[in-house]
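J.: Just passing along the structure, written as structure tokens.
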């Protein structure tokens, strides 16, 4: 997974084992089995049993696992399952608020995706991002809105979330992490709204988004894919660069190293999609 361009990370409830294989066949770049918000307290233990049984039946399956948060009754049992199962390739840590929490999860030997969901988590992004074992950052807009007293879906809330996205982006870059993932888009039947959300997030440097329904996956991928015009421009730039000149002109505009780098990035994304 370390070299995979992750645009979509699809949640599947840990207490719905009949959906595990369907999620893996959905086309999502990665699947996150969810032991936290999607599973009632009474079903937490059985969720662990379901996933262990699934790996026995499908030993080649690879998933991420959102465990229960640090300080909850199920946290350590979830971590023990992760240690035992090679099919869990990374742990998604909800409500991450300190480097100590992340270090403890990383001691399982798994990569970690911390989710920032509180004011304290936002203030700790730098410390969390610098922890060994962290692969990628993301955030939970709904929980963060609740903690900060924001109105979800409002322009004001998006202004605050944009500052969180910027912090995630900066700390990911300076700590050599994979680019951050955006929060979920709750209206899973609103394809046009999701597409606009993803295009805006992509413009801001977000790699993709957490998804709560399989129908969101192709929408996310299409929204993040370079357009035909962008691909054609990138190819012209790369072709012109074969001259070996440090700076040159394409379509009436000057091209130098950063522009060439973007052209190559667009072509790489086009090949992946």
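J.: Report, by residue number, each residue of region 139-149 that is within 12 Å of residue 117 (Cα to Cα) and in a loop (DSSP other than H, G, I, E, B). So that I can check it myself, show each step before the final result.
T.: Keep residues of region 139-149 that are within 12 Å of residue 117 (Cα to Cα), which gives 139-148.
Result: 140, single match.
J.: Does residue 6 count as under 18 Å from residue 139 (Cα atoms) and surrounded by fewer than 23 Cβ atoms within 10 Å (Cβ to Cβ)?
T.: Values: under 18 Å from residue 139 (Cα atoms): yes; surrounded by fewer than 23 Cβ atoms within 10 Å (Cβ to Cβ): yes.
In short, yes.
J.: Of all residues in region 24-47, count the ones that are in a helix (DSSP H, G or I) and either surrounded by 23 or more Cβ atoms within 10 Å (Cβ to Cβ) or at pLDDT below 95 (or both). Walk me through how you get there before you give the answer.
T.: First, pick out the residues of region 24-47 that are in a helix (DSSP H, G or I): 24, 41-47.
After this cut, where a residue has to be either surrounded by 23 or more Cβ atoms within 10 Å (Cβ to Cβ) or at pLDDT below 95 (or both) as well, the list is 47.
Residues flagged as in a helix (DSSP H, G or I) and either surrounded by 23 or more Cβ atoms within 10 Å (Cβ to Cβ) or at pLDDT below 95 (or both) within region 24-47 amount to 1.
J.: Can you tell me which residue within region 254-272, out of those that are touching a helix residue (DSSP H, G or I) at 6+ places or on another chain (Cβ under 8 Å) and at pLDDT 85 or above, is nearest to residue 207 (Cα to Cα)?
T.: The qualifying residue nearest to residue 207 (Cα to Cα) is 266.
J.: Then there is this: Taking residue 192 and the conditions (1) in the same structural domain as residue 115 (by TED's automatic domain parsing); (2) touching a residue at least 24 places away in the same chain (Cβ under 8 Å); (3) farther than 22 Å from residue 123 by Cβ, which numbered condition does it fall short on, given that it satisfies the others?
T.: (2)
J.: I've got another one for you. Could you go through region 242-258 and let me know if any residue there is out of contact with any strand residue (DSSP E or B) (no Cβ under 9 Å at 6 or more places or on another chain), outside the structural domain of residue 136 (by TED's automatic domain parsing) and closer than 30 Å to residue 130 by Cβ.
T.: Yes, there is a match, as at least one residue in region 242-258 is out of contact with any strand residue (DSSP E or B) (no Cβ under 9 Å at 6 or more places or on another chain), outside the structural domain of residue 136 (by TED's automatic domain parsing) and closer than 30 Å to residue 130 by Cβ.
J.: Take the conditions touching a residue at least 40 places away in the same chain (Cβ under 8 Å), within 18 Å of the chain's Cα centre (by Cα), within 21 Å of residue 188 (Cβ to Cβ) and not in a loop (DSSP other than H, G, I, E, B) and apply them to residue 9. Does it pass? Full working, then the answer.
T.: Numbers: touching a residue at least 40 places away in the same chain (Cβ under 8 Å): yes; within 18 Å of the chain's Cα centre (by Cα): yes; within 21 Å of residue 188 (Cβ to Cβ): yes; not in a loop (DSSP other than H, G, I, E, B): yes.
Against the criterion (touching a residue at least 40 places away in the same chain (Cβ under 8 Å), within 18 Å of the chain's Cα centre (by Cα), within 21 Å of residue 188 (Cβ to Cβ) and not in a loop (DSSP other than H, G, I, E, B)), residue 9 qualifies.
J.: Could we say that residue 258 is surrounded by fewer than 17 Cβ atoms within 10 Å (Cβ to Cβ), under 19 Å from the mean Cα position of the chain (by Cα) and in a helix (DSSP H, G or I) here?
T.: Working: surrounded by fewer than 17 Cβ atoms within 10 Å (Cβ to Cβ): yes; under 19 Å from the mean Cα position of the chain (by Cα): no; in a helix (DSSP H, G or I): yes.
No; evaluated as a whole, the condition is false for this residue.
J.: Here is a follow-up. Does residue 21 qualify as being surrounded by fewer than 17 Cβ atoms within 10 Å (Cβ to Cβ) and on the phi < 0 side of the Ramachandran plot? Steps first, answer last, please.
T.: Values: surrounded by fewer than 17 Cβ atoms within 10 Å (Cβ to Cβ): yes; on the phi < 0 side of the Ramachandran plot: yes.
Yes; evaluated as a whole, the condition is true for this residue.
The values are calculated or read from the model by the stated rules, or taken from the named source; none is laboratory data. Keep in mind it's a predicted model, so treat the numbers as computed, not measured. Note that each Cβ is placed from the backbone with ideal geometry, even for glycine, and that neighbours are counted across all protein chains shown.
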